1. Give me the pairs: first residue in region 134-163 and under 24 Å from D124 (Cβ atoms) and open to solvent by 70 Å² or more (accessible area, probe 1.4 Å), second residue modelled with pLDDT under 85 and assigned to a helix (DSSP H, G or I), beta-carbon distance under 9 Å, and six or more apart or on different chains, which are they?
2. Taking P14 as meeting all but one of (1) loosely packed, with under 10 Cβ neighbours inside 10 Å; (2) at pLDDT 70 or above; (3) in contact with an Asp or Glu (Cβ under 9 Å, 6 or more places away or on another chain), write down the number of the exception.
3. Which pairs do you get when a residue that is open to solvent by 90 Å² or more (accessible area, probe 1.4 Å), found in region 71-94, comes within reach of a residue that is part of a helix (DSSP H, G or I), reach meaning Cβ atoms under 7 angstrom, with the pair 6+ apart or on two chains?
4. Quick one: is L110 within 26 Å of A81 (Cα to Cα) and open to solvent by less than 60 Å² (accessible area, probe 1.4 Å)?
5. Quick check, is D42 open to solvent by less than 100 Å² (accessible area, probe 1.4 Å), at pLDDT 85 or above and either of a type in the set (A, V, I, L, M) or in a helix (DSSP H, G or I) (or both)?
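The values are calculated or read from the model by the stated rules, or taken from the named source; none is laboratory data. Remember, predicted model here, so these are calculated numbers, not experimental data. Cβ: placed from backbone, ideal geometry, glycine included. Neighbour counts: every protein chain shown. Quick note on the areas: whole protein, heavy atoms, side chains included, nothing else; ligands and nucleic acids left out. Shrake-Rupley method; radii C 1.70, N 1.55, O 1.52, S 1.80 Å.
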Amino acid sequence: MAEALPEGTDQIVPGAGSNNNRDTDDGTSRGKPRIDTAELKDKAAEFRDQYADKARGYAEQGKERASAGLDSVAKMIGDGAGQVDGALGEVYGDYVRRAAGAVSDFSDTLRDKDVDELIDDARDLVRRSPAIAIGAAAAAGFVIARIIKAGSETLDEAAKTVSPKSGASDDAAKSPKPRSAD
């Protein structure tokens, strides 16, 4: 039996009802482009590997910066031990020296380990004692927030002392301007 034609038409045009530009339609595409899932998986794996390498590079840079910072902190603590000796006694000075040694040892450990080893150590610590991990995360967050706040306050003070237009100080910018005779 012949297919019924819509009113006002006298013949069927091949491909007229299709949403794609293909000459043949096997009936499975329904106007959607075909997606090669194997190709998508390969691309996703490629992107994942690229970003994992970048993240590892950033982690290495952060590890080196943290080690250098910890070395500076250990030096400052050790330098202060002499003052503690004079002010509170040698017993307390020894505590300060031990603290400086502990910070220095931690810095050396951080420098010597690979990023993957550090991540594994952190996972093990969280599994063994989650309360300590939560406390350390809270303390680190507090310290980071204080550093950011101190930095933003310093920027605010610097911005207040320099006029954005002329680079002059606020006192010069606030000085009265001569009035013009009207």
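1. Final answer for the pair search is none.
2. With respect to (1) loosely packed, with under 10 Cβ neighbours inside 10 Å; (2) at pLDDT 70 or above; (3) in contact with an Asp or Glu (Cβ under 9 Å, 6 or more places away or on another chain), P14 is out only on (2).
3. Note: pairs meeting the criteria are Y92/V84.
4. yes
5. Working: open to solvent by less than 100 Å² (accessible area, probe 1.4 Å): no; at pLDDT 85 or above: yes; either of a type in the set (A, V, I, L, M) or in a helix (DSSP H, G or I) (or both): yes.
Here the answer is no, as D42 does not meet what is asked.
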